[in-house]
Amino acid sequence: QVQFVESGGGLVQPGGSLRLSCVVSGSIFRFYAMGWYRQAPGKQRELVAAVTLGGSTNYADSVKGRFTISRDNAKNTVYLQMNSLRPGDTAVYYCNLDRVVPKPSWGQGTQVTVSS
């Protein structure tokens, strides 16, 4: 059973930065592309960034140029560096497999709040 443990969220002022981490249990990590997702209150969960096994990345238009996704296969960990944060980035952030349906159960996520 794969499990996702997200961390690194918090309260930050507009223009600030955060680095999120997600540790993935089990050996599944080395076989799949990974994604960071977010869900704001009253909105559907959306994919914001993904990284393939080889390190190729893609981003939602809303975060391009501000967010960077990366992975460390030796640590079963995927990261999301978030710069120039905006109030619209406020959401609970989750990681999960990319391009897999149905997905494994979601973790608890990590709350990111951007506010002055």
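Some notes on this structure:
- In Hz, Karplus ³J(HN,Hα) per residue of the range 59-64 (6.51, -1.76, 1.60; θ = phi - 60°; x = Gly, Pro): 9, 5, 4, 5, 10, 4
- Surface analysis of the range 1-48 yields an accessible area of 57 Å² per residue, using protein heavy atoms and a 1.4 Å probe.
- Rolling a 1.4 Å probe over the protein heavy atoms of the range 11-116, with every protein chain left in place, gives an accessible area that is 50 percent carbon and sulfur.
- For peptides 61-68, 48-55, sequence by mean Cβ density within 10 Å, most packed first: 48-55, 61-68
- Alpha-carbon Debye profile of the range 1-50, log10 I(q)/I(0) at 0.24, 0.29 Å⁻¹: -1.12, -1.24
- Cα centre as origin, Lys/Arg/Asp/Glu Cβ charges: the range 22-93 dipole, Debye: 40
- Computed packing ranks the peptides 6-15, 74-83, 38-47 as 74-83, 6-15, 38-47, most packed first, by mean other Cβ atoms within 10 Å.
The values are calculated or read from the model by the stated rules, or taken from the named source; none is laboratory data. As the structure is a prediction and not an experimental result, all values here were calculated from the model. Don't worry about glycine lacking a Cβ; one is built from the backbone with ideal geometry, like all the others, and counts go over all protein chains shown. Note: accessible area is taken over every heavy atom of the protein model, side chains too, but ligands, DNA and RNA are not part of it. Shrake-Rupley method; radii C 1.70, N 1.55, O 1.52, S 1.80 Å.
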